[in-house]
């Protein structure tokens, strides 16, 4: 799932993906997505600002994807 | 008592705060904070708040639970709106009730600091002249404020 400007740049709010087994962490997934197209490359061009969540809990980029059902990418939050 | 809600419509902050003390005689302090949409000197027409349904509620529950674990609270409230919000309208409220004011003040402040940096909401600012609909940038000051409680 993608939110805010990450969603706008990717061009979709959600999708079902099936990455290869070599994609083991959040960082691996960002790298894998980034070479899928210019829209992804644009969304993930500043990797350090991208926040991630696995199954609705915040995670760091080194978090393993094993067992993850719902992965989300979004910019730093600006609620409140 | 814990009230956590994510909703499109407005809320009654006074009624939410009153519910924290209804029928109780052990509460000595209630601190309520309401965050409002400001017009930034007449430039802002509205905010559009996007959120991550499900995770927003989960994170707010988590933040409320952390406040409850940290201070002796009689109750907490955290309510956050999403969708279009115009200047002057309420966006968010937190409230904390306790026997003494120190815990209520601190809990309310921590709730807001954590909510701003952890709850998945994103603001888009719609300008009066229609020229811009840009995403509001996150502030480092908000991260620093949240880190005080770590």
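Derivation of every value follows stated rules applied to the coordinates shown; laboratory data play no part. It should be emphasised that the depicted structure is a prediction, and the values quoted were computed from it without experimental measurement. Virtual Cβ from ideal backbone geometry, glycine too; neighbours counted across all protein chains shown.
Summed over segment A:37-71, the residues that are over 14 Å from residue A:5 (Cβ atoms) and within 14 Å of chain B (Cβ to nearest Cβ) give a count of 14. Screening the candidates B:103, B:19, B:97 for the property of being surrounded by 15 or more Cβ atoms within 10 Å (Cβ to Cβ), in contact with a strand residue (DSSP E or B) (Cβ under 9 Å, 6 or more places away or on another chain), more than 14 Å from every other protein chain (Cβ to nearest Cβ) and assigned to a strand (DSSP E or B) yields one hit, B:97. Taking the listed residues B:118, B:81, the one that is more than 8 Å from chain A (Cβ to nearest Cβ), touching a residue at least 24 places away in the same chain (Cβ under 8 Å) and within 25 Å of residue A:1 (Cα to Cα) is B:81, with no other qualifying. Of the strands (runs of 3 or more DSSP E) lying entirely inside chain A, the ones with 3 or more residues being closer than 26 Å to residue B:47 by Cα and free of Cβ contacts under 8 Å to residues at least 60 places away in the same chain are found at A:51-54.
Among the numbered conditions (1) surrounded by fewer than 18 Cβ atoms within 10 Å (Cβ to Cβ); (2) assigned to a helix (DSSP H, G or I); (3) more than 10 Å from chain A (Cβ to nearest Cβ), the only one that residue B:143 does not meet is (3). Per the conditions (1) more than 16 Å from residue B:88 (Cβ to Cβ); (2) more than 16 Å from the chain's Cα centre (by Cα), the sole criterion not satisfied by residue B:43 is (1). Per the conditions (1) closer than 27 Å to residue B:12 by Cβ; (2) out of contact with any helix residue (DSSP H, G or I) (no Cβ under 8 Å at 6 or more places or on another chain); (3) away from chain A (no Cβ under 13 Å), the sole criterion not satisfied by residue B:109 is (3).
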